[in-house]
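Below is one structure; the comments refer to it alone.
The values are calculated or read from the model by the stated rules, or taken from the named source; none is laboratory data. Just so it is clear, the structure is predicted and the values come from calculations on it, not from any experiment. Cβ: placed from backbone, ideal geometry, glycine included. Neighbour counts: every protein chain shown. To get the accessible areas, we keep the full protein, side chains included, count just its heavy atoms, and leave off ligands, DNA and RNA. Shrake-Rupley method; radii C 1.70, N 1.55, O 1.52, S 1.80 Å.
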Amino acid sequence: ELKEIVFIIQSQSNSFHSKRAEDLKRYILKQAADLGKVLPTVLLIHEMDGHEGAWTILPLMRDFSVTYGRNSSWIFFCEEDTRIQVVKLLETLGRFDGSKEWFLGKALYDEESTIIHHYAFAENPTVFKFPDFAAGWALSIPLVNKLPKKLKSEPLKSDFTIDLKHEIALYIWQKGEGPHLTPVPEFCTDDVNSYKVDHCATTFSNFLPLCVEPVKKEDVFVAVKTCRKFHGDRIPVVKQTWEREAALIEYYSDYADISIPTIDLGVPNTDRGHCGKTFAILERFLNHSSPRTPWLVIVDDDTLISIFRLRKLLSCYDPNEPVFLGERYGYGLGTGGYSYITGGGGMVFSRIAVQKLLASKCRCYSTDAPDDMVLGMCFSGLGIPITHSPLFHQARPMDYPKGYLSHQTPVSFHKHWNIDPVKVYFTWLAPSTEESLNGKKVGYNREDL
């Protein structure tokens, strides 16, 4: 029965995202009403107060078990851009015995062991499957009831949440004692208009959102963090690839080099974090750039980014809101903690977010503190939510499953380690034919990488 499914939408409180999640909730409830069914429960993660780490899902398991453990059969999780055919979903879940422990989803796996998964299953990473959240995934109630007991006796191993879908699958698997992910072919990430979707209970509607015209080039100020030792190898890559997409760009270093040119912020380079440098950049943006420039993006000198795609993405956000956008990680979320935007994939700020941050007394506890984590702590203290986009990437394309990247139009990747960064840029991030260099298509086949 439809009333036995609890739908959980992995929503966010930013106005653009909360509206999309509300639209999906209405879409699910309308389908239920059209079928003449008792309406199911549909919950939005960002409305679950009292859980800073609600987006990591496992801290909510006790609440789910207490509230829905008796009268429900399944908890079905989806993203705001997942599209659900309710009748087909009922048929699909109906194939599984809901009295047993099931973990269902569209299976992803690593082609090679990767740093973002702490090199798990290094001998053969393809053996471990984890769900693509975009396709939706489901837990049977017996498994939901078991997990809180496990969490009580065996808390999460790591303080860090880096790739939630992999970490949840590892926790459920329990070194082979718990269920593996069961792949479900009806959970799909094909575009909703694809000819392949007839058999799908779920589809995915969004590759790169564009809400109105892309924001103007002059509305995005780009700050590149560098240091003297990388002027010779990393900065030339930026200049060969994405620099031409930026109208406003400055390079911040520990040494003024007029050939680039770089600006010496008076903050010495450190081998650890770069909090002092980042806060100096934020102060400079507020005090020296045009007050009419609404957006700041801070990247590392080995970040590969598409400013063209970022301008499309930013068309969906209100610059009058305090926006802090990028790839979200978590620290200590099981015990309070905070979320933060990981720096390597790029950190995007609305001007008002920078104003609120610098008006507060929150600052680096040391010059070499991790800037992204300090910013997360500061914004958490200010009650300004982190806004996550899966289109920003802290690692290289080969560090992510092909199936995961196949339904994305990425905005960024990070690191030059063991890759040709220029080739990666032109393969994954360069503007397509009509925006490409001199009208000539420059590109490689993604499969080459």
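Structure notes:
- Per-region count, segment 216-232, residues within 24 Å of T270 (Cα to Cα), outside any helix (DSSP H, G or I) and open to solvent by 50 Å² or more (accessible area, probe 1.4 Å): 1
- Tally, over segment 138-168, of residues that are assigned to a helix (DSSP H, G or I) and charged (D, E, K, R): 6
Yes/no per residue for (1) of a type in the set (S, T, Y); (2) open to solvent by less than 10 Å² (accessible area, probe 1.4 Å):
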residue: P294; (1), (2): no, no
residue: I298; (1), (2): no, yes
residue: T303; (1), (2): yes, yes
residue: P322; (1), (2): no, no
residue: G330; (1), (2): no, yes
residue: S339; (1), (2): yes, yes
residue: G344; (1), (2): no, yes
residue: V354; (1), (2): no, yes
residue: L358; (1), (2): no, no
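- For segment 367-382, a tally of residues being open to solvent by less than 20 Å² (accessible area, probe 1.4 Å) and touching a residue at least 60 places away in the same chain (Cβ under 8 Å) returns 4.
- Any hit, segment 103-120, residues being within 30 Å of K175 (Cα to Cα), in a loop (DSSP other than H, G, I, E, B) and more than 22 Å from the chain's Cα centre (by Cα): no
- Residue within segment 263-270 that is within 28 Å of the chain's Cα centre (by Cα), surrounded by 18 or more Cβ atoms within 10 Å (Cβ to Cβ) and not in a helix (DSSP H, G or I) present: no
- Flag for V127 being closer than 28 Å to Y400 by Cα, open to solvent by 60 Å² or more (accessible area, probe 1.4 Å) and not hydroxyl-bearing (S, T, Y): yes
- Hey, T161 in contact (Cβ under 8 Å) with a residue 40 or more places away in the chain, within 30 Å of P319 (Cβ to Cβ) and either assigned by the TED database to the domain that holds E80 or among the hydroxyl-bearing types (S, T, Y) (or both) or not: yes
- Candidates are the residues of segment 383-395 that are open to solvent by 20 Å² or more (accessible area, probe 1.4 Å) and assigned to a loop (DSSP other than H, G, I, E, B); the one that is nearest to C188 (Cα to Cα) is P390.
Okay, residues lined up against (1) in the same structural domain as R228 (by the TED database); (2) in a strand (DSSP E or B); (3) touching a Gly at 6+ places or on another chain (Cβ under 6 Å):
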site	(1), (2), (3)
F285	yes, no, no
V297	yes, yes, yes
L304	yes, yes, no
D318	yes, no, no
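- Every condition in (1) farther than 15 Å from E327 by Cβ; (2) in contact with a helix residue (DSSP H, G or I) (Cβ under 9 Å, 6 or more places away or on another chain) is met by G381 except one, and the failing one is (2).
- Flag for D132 being buried (at least 20 other Cβ atoms within 10 Å of the Cβ), charged (D, E, K, R), in the same structural domain as I57 (by the TED database) and in contact (Cβ under 8 Å) with a residue 60 or more places away in the chain: yes
Matching residues to (1) open to solvent by 30 Å² or more (accessible area, probe 1.4 Å); (2) more than 24 Å from E91 (Cβ to Cβ); (3) among the charged types (D, E, K, R):
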{"position": "W173", "(1), (2), (3)": "yes, yes, no"}
{"position": "N193", "(1), (2), (3)": "yes, no, no"}
{"position": "P214", "(1), (2), (3)": "yes, yes, no"}
{"position": "R234", "(1), (2), (3)": "yes, yes, yes"}
{"position": "V238", "(1), (2), (3)": "no, yes, no"}
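- Some residue of segment 80-88 being part of a strand (DSSP E or B), at pLDDT 95 or above, acidic (D, E) and closer than 30 Å to D191 by Cβ: no
- Residue tally, condition within 23 Å of I116 (Cβ to Cβ) and not in a loop (DSSP other than H, G, I, E, B), over segment 169-201: 11
- Leading residue by the ranking (modelled with the lowest pLDDT) among those in segment 49-62 that are surrounded by fewer than 19 Cβ atoms within 10 Å (Cβ to Cβ) and in contact with a helix residue (DSSP H, G or I) (Cβ under 9 Å, 6 or more places away or on another chain): H51
- The residue pairs whose first member lies in segment 278-293 and is at pLDDT below 95, whose second member is hydrophobic (A, V, I, L, M, F, W, C) and open to solvent by less than 70 Å² (accessible area, probe 1.4 Å), and whose beta carbons are closer than 7 Å, counting only pairs six or more residues apart or on different chains, are S289/F221.
- Residues within segment 329-377 that are among the hydroxyl-bearing types (S, T, Y), out of contact with any strand residue (DSSP E or B) (no Cβ under 7 Å at 6 or more places or on another chain) and not in a loop (DSSP other than H, G, I, E, B), tallied: 1
- Looking only at segment 1-48, and only at residues there that are among the basic types (K, R) and farther than 19 Å from W74 by Cα, the one that is most open to solvent (accessible area, probe 1.4 Å): R26
- The condition of being over 23 Å from R26 (Cα atoms), open to solvent by 30 Å² or more (accessible area, probe 1.4 Å) and at pLDDT 95 or above holds for only one of Y119, Y109, that being Y109.
Matching residues to (1) part of a helix (DSSP H, G or I); (2) touching a residue at least 40 places away in the same chain (Cβ under 8 Å):
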| site | (1), (2) |
| --- | --- |
| Q12 | no, yes |
| S18 | yes, no |
| K25 | yes, no |
| A33 | yes, no |
| V42 | no, no |
| H51 | no, no |
| S65 | yes, yes |
| S72 | no, yes |
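- Residue within segment 204-213 that is over 30 Å from F77 (Cβ atoms), among the charged types (D, E, K, R) and at pLDDT below 95 present: no
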